[in-house]
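For reference, the structure discussed in these notes is given below.
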Amino acid sequence: MSKADVEVYCGQCGRCLNGLPGVDADGKQTPCPGCGSASRVFRKYVHGEIVAVGRYSALGKNGDKAIAFRESPRQGLASAADKHEDGSLSFKMTGRSPQGEDDTLSACRVLVDKLNKEGSKWGQPSKGDGVVDCRAIDELHREKELTIQVVRAVVDQRLWRQLRAVKEIRETAVTKGKLVAQLKGAIEFKADERRIPKMNRPSLMLAVDATRLPAHAFDDVVEGFHSKWGSWAKTLGFGSVWLVGPSVSLTWRLDVNP
């Protein structure tokens, strides 16, 4: 509970009039003993506590290429990544391991923001069902719908189990090739005919979720994927394949020719 105080000052000379009667015996405003003015200024002070609540993220670049990323905790988990002079990368996650589809909707929001920045007019995504993790409706053409399937950039559950157990993952001297291979593995996981039949893929946008793994979305890794697997990704039959980092600037289309 905050405490409010009111102080009274003369509106003419500014003298503090705390304690001076408001009216005299005749019911008139008591004049200021300094200048005789009946004008008043009332100042109210509220004493309390202000607590700033929020989060930050920062992307470091060398020229136009990402070389570092930091963020404060988001839903209990913070991520960091760096590219080093020898071309290797490192990344760290600290906090609570995401469960199930914890990050699905937030990844779809980043992707929609990216598409809208490039000229689309999609509304905010909502949860879907079946093979559709998220849906968004075109704001100009309400009959048009965007359907998205999401997969984590690393599908190997050992990484997430370790994070769950010790609340921290730290990997250093990771090669670009390893991260590229993990992205390919994530796409292959969803391109299995038993999970998403090829006949159902043309209407689906596949989003590879690297919102917790920003190193996977650094320029060098994406360029490495494009040169080796971009053409392959086009053959899988999805409407498009995207890598979604923690921000719009770290979100890329993957199924492109090198």
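A short reminder: the numbers here are calculations on the coordinates, not readings from a lab. Just so it is clear, the model here is predicted, and its values are computed rather than measured. When we count neighbours, we look across all protein chains shown, and the Cβ atoms used for this are built from the backbone with ideal geometry, even at glycine.
Other residues with beta-carbon under 13 Å from the beta-carbon of His226 carry, at +1 per Lys or Arg and -1 per Asp or Glu, a net charge of +1. A DSSP coil position with no more than 15 other Cβ atoms inside 10 Å describes the following GluC sites (Glu not before Pro) in the range 112-212: Glu118, Glu139, Glu143, Glu193.
Computed over the range 70-162, the P(r) curve from all C-alpha pair distances, binned at 10 Å from the origin, holds 14, 36, 31, 16, 3, 0 percent per bin. The Rg/Rh ratio of the chain, with both radii computed over alpha carbons and Rh defined as the Kirkwood radius, is 1.32.
Using only DSSP helix segments of four residues or longer, with each worth -39500 (n - 2.57), what per-residue ellipticity at 222 nm results for the chain after dividing by its residue count and rounding to 500? Could you put the intermediate results ahead of the total?
Working: 4 runs with 55 residues, N = 258.
Calculated mean residue ellipticity at 222 nm is -7000 deg cm²/dmol.
Calculate how steeply helix 104-117 sits against the longest principal axis of the alpha-carbon atoms of the chain, using the helix alpha-carbon long axis, and give the answer as 0 to 90 degrees to the nearest 10. Roughly 90 degrees between the two axes.
Between the Cα long axis of helix 219-234 and the first principal axis of the chain there is an angle of about 50°, rounded to the nearest 10. Around the amide H of Leu236, modelled in the peptide plane, lies no amide H under 5 Å away from a residue 5 or more places distant or on another chain.
In this model, which of Lys83/Lys184; Lys92/Lys190; Lys117/Lys190; Lys198/Lys234; Lys117/Lys228 are farther than 22 Å apart at the alpha-carbon?
The answer is Lys92/Lys190; Lys117/Lys190; Lys117/Lys228.
Across the chain, the relative contact order, built from alpha-carbon pairs under 8 Å that are at least six residues apart, equals 15 percent.
Between the DSSP loop rule and a limit of at most 16 other Cβ atoms within 10 Å, which trypsin sites (Lys or Arg not before Pro) in the range 176-220 are left? Spell out each step's value before the answer.
Numbers: sites: Lys176, Lys178, Lys184, Lys190, Arg194, Arg195, Lys198, Arg212; in loops: Arg194, Arg195, Arg212.
Answer in residue order: Arg194, Arg195.
At a Cβ-Cβ separation cutoff of 4.7 angstrom, cysteine residues of the chain with no neighbouring cysteine are Cys16. Taking the C-alpha atoms only, the angle from helix 157-166 to the longest principal axis of the chain is near 40 degrees.
Working note: Cα atoms of the range 185-258, range along each principal axis, descending, whole Å: 32, 25, 19.
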